[in-house]
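The values are calculated or read from the model by the stated rules, or taken from the named source; none is laboratory data. These numbers come from a predicted model, not from an experiment. Glycine gets a Cβ as well: all are built from the backbone with ideal geometry, and neighbour counts include every protein chain shown. Quick note on the areas: whole protein, heavy atoms, side chains included, nothing else; ligands and nucleic acids left out. Shrake-Rupley method; radii C 1.70, N 1.55, O 1.52, S 1.80 Å.
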Amino acid sequence: MTHDMHRRRFLQAVLAGTAASALPLKALAAQPDLLWMVWENLAKDEYLAPFLARSGVTISKNFIGSDDEQFAKLRAGGDSSVDLITPGLDKVDYYMASGLVQEIDLAKIPNTAKIYDAFKNSPLGKADGKTYGLPFYWGINPLVYRKDLMDAEPDWSVFFEDSKYAGKLAMRDYALEAVMIAAMYLEIPRDQIFHLDDAQLAEVKKALIAQKKLLRTYWSSIGDLTNLFATGEVVAAYSWVPPYHELNARGLSMGIANPKQGTIGWADSLAIPKGVEGEKLEAVYALIDYLLGEDYGKMLAVGGPYAQSTSSARDMLSKEERETIFIEDMSVMDSFIWRSNPERYNDWVALWNEVKAS
Amino acid sequence: MNDGPGRAPLLRARALHKTYGTTHAVQGVDFRLMPESYVTLLGPSGCGKTSILRMIGGFEDVSSGMLELEGQPLNKVPAARRPINTVFQSYALFPHLSVAENVAFGLAYRDLGREAQRARVEQALAVVRMQDFAARRPRQLSGGQQQRVALARAIVNEPRLLLLDEPLSALDRRMRKDMQIELKDLQRRLGVTFLHVTHDQEEAFALSDWIVVMNRGQVEQQGAPQDIYRRPRSAYVADFIGGSNVIPGRITARQGEEARIETALGPVVAAAEESLRAGDAAALCVRPEQFGQAAGSAFEAVVTHVVFAGSGWHVELRAGQQELAAQFTEPPETGAALRLGFDPARVWIARAGEAVA
Amino acid sequence: MSRTGNWLAAPVVLALIATCLVPMGVLFAYSFFQVDFVAINTDPTLKNYAKIIGSETYRSLIGRAFLSGAVVVAITAVIGYPVAWFVARRGGEWKSALLTLLLVPLYTGDMVRIFAWRVILGAEGVINRFAQWAGLITEPIQVLLFSPIASHLVLAYNFLPFMVMGLWLGYEALDDALVEAARDLGAPPVAVFRRVVLPMTLPGLIAGGMMVFVMVVGDYMTPQLLGGASGVTVISAINDLFGTAFDWPLGSAIACTLLALLGLFLAVAAYALSRMNLGRSLISGEA
């Protein structure tokens, strides 16, 4: 979820959807070669080196530019050669509904025992008690602000109520999160947020139309938002974490707010396409176990910096490193609202377009 | 000049200059246009005649010098405000407008009612006999018809001065003759001054009351057509207006109107250009029909070519190094040696000068 | 054309069909489907089109796209006329160099240009800083950036070269003697333009205008990144439907509607253009 999803032209999606599968036939080899659809920053060679050395397995990487692209590729027939995919945890529903993924046998992945309770208790990625998408790593999409330009730590209300910061705020151009934040601000109970009824949607729409007047702009790429923070065009935004680190490193005083209404958490998952079997499947399980283990977890915490979904590497990190990835005080997870897939998402998107066009 | 006392010129050019970058197109030209006259600016291409026309029309700035219209300075008046209209070389009819709309174009800037406008357009088209073509587009017309529309479009505005930039050059020979007559006739009927630019000396003679012969940005000679024909000031003019044998020589004596010139044909005493003095280089001008067999001061010449020319025979001869053209009523034998002469009272001595390229 | 020529042309034609027509065909087919979560229901229906006609949002987005196109065409025409005149009439031996120069901004890429404009128009940007320094304003002018003004300004800047190209061709076909004739007949400058230059360069204006119009309607980066909260375009709405909502059928239907309207618009413009040329060739054929 860390990449810009809007840069693609829609025709590319159509092309991807219609092009017959041109992926190469499986190579027959003594040691299986795994094809992994993954974000580039999660599969750096040094992150994977210990596993490759130990197992003798080789890994081919197919980098994804957006979750939608991954889904489109797989649905177009790419599943015949892909062995492991990395969908957003909230998107696993799509893959399950399309019959693209197989059940994951947790018994073959010892490190699943160390998965945080927040994920163990979440229904995301599961159906009928079976797991199809295994939480992989996670983070928060926080409210980031310029400490030097704001008097106090803001909460979500700054995006909905007129203040002296009006005209210096930014919101991501993304229906799911825009509606979630409005619902949090309106204090709609958490268990209803992804099941909004017509009346609630109407309320959300009203709030978002009011919000529009307070915004400098909607942002669509994180580099763009970082730029807006840096030039002072924007003092507070619903953001991702990178501008916070990047601009602090450049000497600006950036803050992450902890809004009382809640924070949006996200997680990406690992899922195995249907049809992967035998030796390859065994190798995939071994790879997943490695990805949830301590070697990978430490490297991801320092290099990412992202937290994996297990506590495998937690004790090996310094307090500072744990704070960077929000695992020092685990209770913070309680205020998270995990991004899920709303049942009436098409209505959400329609609503969002109405708001923007209003 | 043909202006009597009390007649003020319509337009006056004084020390007119035009430079484009380093090119001096017009270099100190003076002339006057009298009211109701037909004046031709005559010269080869590049002589500056078109530049003068464009300055008068207001399409080019005057580099230095003065243009005056009826005593008022004209230099700074924009083209649109000059009571002058132009017939362009390519006619420049508006292709997107009908003939009537073309003619009416300039009337929009006058205080005329719709009816008055229409009447004026009809009248102008009638003058050029184009009333039946009012609804046509320019491209549906022949060259001569376009020419007439261009004339109508200009004269409908009742200009004080009508400029014509090589107006007949795009027409075939036959059409050109007809249009010449029409132009002259039109000018007489309207009583408007026409300033006509051309490189065709026949056209100039046929039309003009006054001819200004241009050479390299300067006026070489100006005067009534007959004067220019009979008494070209220089070998250049004599050569350009054509027809004359221009025989180089040197003045040995000058007395009153006459001078004595030494040429390859022998010494001749004849009327001479007024500035010529003994010792000056000069040119004897003899027109082909002035040569006769063994008349007056005689010389010997050999026939080189004989060509039938309808009304007579065009004969080319050689007298020493000098080539000559003559016109005879009977054809001589090619190669025959003839004794020729001419009546000195009818020939003319002009200033020397470079010939026209 | 020879048979060999046909065979040699075949790959190109096939490639054109494959890359151009097939996706369009797929798009068109999808517009009659329905989506149920992730399943595409292929029973043909007109529901998507009914939705568009019934939706204030999509109607106004399409209308706004066309309005933006018209506004930018108008801006580029106003700026383009003097520029094209200069290139055509004063360019001389530098003509091709000038035309190339005009295209230079196009080589820099969308993002570079957009961020350059941010630097110029922003609250902390060049213009606001200068105006504040000069004492003209005390507070930065917010509306310079992240507003329809900003996006239309930059769209006009982006597509001006195409308008200039069209108008330049128009000017090349315009005989200066016609302008002189109009002045000679007493027309003041505005009338010379309206009665002679405009009608004579109209084919160039239409050609340039069509290019600019289509590109403005299809551009969503500029409005999105410079237009602020109201920078949504019909294209970005289609993008949302394809990308995040998986509602390919509705997205396809909007895209098809937009294409159809664009096609209609272009057909009208092309008809007007062909009538001018046709009229001309007919007339010259008679003469």
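What the table shows:
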| read-out | value |
| --- | --- |
| Those residues of the range C:26-69 which are more than 12 Å from every other protein chain (Cβ to nearest Cβ), buried (at least 16 other Cβ atoms within 10 Å of the Cβ) and over 29 Å from A:Asp93 (Cα atoms), in sequence order | C:Phe66, C:Ser68, C:Gly69 |
| Tabulated pairs, the range C:197-224, first touching a residue at least 40 places away in the same chain (Cβ under 8 Å), second acidic (Asp, Glu), C-beta under 7 angstrom, 6+ apart or interchain | C:Met221/C:Asp110 |
| Residue under evaluation A:Leu225, criteria (1) outside any strand (DSSP E or B); (2) over 22 Å from A:Ala249 (Cα atoms), criterion not met | (2) |
| Pair list, Cβ under 8 Å, 6 or more apart: the range B:96-124 residue assigned by TED's automatic domain parsing to the domain that holds B:Ala150 and closer than 22 Å to B:Arg189 by Cβ, other residue among the aromatic types (Phe, Trp, Tyr) and open to solvent by 40 Å² or more (accessible area, probe 1.4 Å) | B:Val99/B:Phe133 |
| Whichever residue in the range C:250-272 is touching a Ser or Thr at 6+ places or on another chain (Cβ under 6 Å) and more than 10 Å from every other protein chain (Cβ to nearest Cβ) and, among such residues, is most open to solvent (accessible area, probe 1.4 Å) | C:Cys256 |
| Number of positions in the range A:202-229 that are open to solvent by 10 Å² or more (accessible area, probe 1.4 Å), in contact with a helix residue (DSSP H, G or I) (Cβ under 6 Å, 6 or more places away or on another chain) and hydrophobic (A, V, I, L, M, F, W, C) | 4 |
| Matching option when the condition is open to solvent by less than 20 Å² (accessible area, probe 1.4 Å) and either away from chain A (no Cβ under 14 Å) or among the charged types (D, E, K, R) (or both), among C:Leu106, C:Leu145, C:Leu167, C:Leu160 | C:Leu167 |
| All positions within the range B:163-184 that are in contact with a helix residue (DSSP H, G or I) (Cβ under 6 Å, 6 or more places away or on another chain) and within 14 Å of chain C (Cβ to nearest Cβ) | B:Leu163, B:Asp165, B:Ala170 |
| Count of residues meeting criterion [within 12 Å of another protein chain (Cβ to nearest Cβ) and within 22 Å of the chain's Cα centre (by Cα)] in the range B:61-101 | 8 |
| Residue count, the range A:230-242 (criterion: closer than 25 Å to C:Asn128 by Cα and assigned to a helix (DSSP H, G or I)) | 2 |
| Strands (runs of 3 or more DSSP E) within the range B:1-96 that include 3 or more residues of a type outside the set (Ser, Thr, Tyr) and loosely packed, with under 14 Cβ neighbours inside 10 Å | none |
| Test: C:Glu172 is open to solvent by 50 Å² or more (accessible area, probe 1.4 Å), free of Cβ contacts under 8 Å to residues at least 24 places away in the same chain and over 30 Å from A:Ala166 (Cα atoms) | no |
| Failed condition for B:Leu276, given (1) in a strand (DSSP E or B); (2) surrounded by 17 or more Cβ atoms within 10 Å (Cβ to Cβ) | (1) |
| The one condition in (1) open to solvent by 30 Å² or more (accessible area, probe 1.4 Å); (2) within 30 Å of B:Glu258 (Cα to Cα); (3) touching a residue at least 60 places away in the same chain (Cβ under 8 Å) that B:Ser234 fails to fulfil | (1) |
| Per-region count, the range C:213-235, residues facing chain A (nearest Cβ under 9 Å), of a type in the set (Gly, Ala, Ser) and surrounded by fewer than 24 Cβ atoms within 10 Å (Cβ to Cβ) | 2 |
